[in-house]
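First the structure, in the form of C-alpha cells, and then the observations on it.
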Amino acid sequence: MIKHKSLQANTYKYWDKAHEKDPENYEYAKLIIYAPDEADLHEITLTYINTLNYNGAWDFEIDHNDNNHKNIVTFKYNGTITALNAAQKLHFHTIHEISWEWNIDYNNGEPQD
C-alpha cells in the first residue's frame with residue numbers, strides 16, 4: 001500500500017519509462033533457447049516472448065532449428081534492464097538452456113559480426 005501520492009506518482013513514472021516501446025529509440029537483443037522436447041521448446045519460447053513483450057520488448061522474430069532443438073528469438077527492446085530482470089525470474093521444470101546477447105550492433109537490419 002502506497003501512502004504518499006508523490007511516491008505513487010514516481011512509481012508510475014518509472015513504470016511507464018521502463019515499459020514504453022519507442023520506435024525511435026531501441027536496442028537489439030537475441031535470446032537463444034535450447035530444449036530437447038519440442039513441446040517444451042515451444043512453451044518456453046512463448047512464455048519468454050510474452051514476458052519480454054510486457055516489459056518493453058517488441059518486434060520478435062523466431063528462427064527455429066529442428067536439428068539442434070533450438071529457437072533463436074531476435075527482438076527490439078527499450079534499452080532498460082526491465083525485460084532482462086523479468087525474464088531472469090522465469091523458471092521451468094524441464095531440461096533446457098537459455099543464453100542471451102544484448103545490445104547487438106545492427107546496421108540496416110543486418111547483424112554485424
Test: residue in region 58-80 that is among the small types (Gly, Ala, Ser) and either part of a strand (DSSP E or B) or closer than 15 Å to residue 92 by Cβ (or both): no
Scanning region 56-108 residue by residue, the ones that are touching a residue at least 24 places away in the same chain (Cβ under 8 Å) and of a type in the set (S, T, N, Q) total 10
Out of all the residues in region 65-88, which are more than 15 Å from residue 99 (Cα to Cα) and not small (Gly, Ala, Ser)? 65, 66, 67, 76, 77, 78, 80, 81, 82
Any idea which residue in region 29-50 is nearest to residue 86 (Cα to Cα), counting only those that are surrounded by 16 or more Cβ atoms within 10 Å (Cβ to Cβ) and free of Cβ contacts under 8 Å to residues at least 60 places away in the same chain? 48
Leading residue by the ranking (farthest from residue 27 (Cα to Cα)) among those in region 82-105 that are in a loop (DSSP other than H, G, I, E, B) and out of contact with any helix residue (DSSP H, G or I) (no Cβ under 8 Å at 6 or more places or on another chain): 93
What residue, of 27, 38, is acidic (Asp, Glu), under 15 Å from the mean Cα position of the chain (by Cα) and either under 16 Å from residue 66 (Cα atoms) or modelled with pLDDT of 80 or more (or both)? 27
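The values are calculated or read from the model by the stated rules, or taken from the named source; none is laboratory data. In this text, all values refer to a predicted model and were calculated from it rather than measured experimentally. Here the Cβ is made from the backbone with ideal geometry for all residues, glycine too, and neighbour counts use every protein chain on show.
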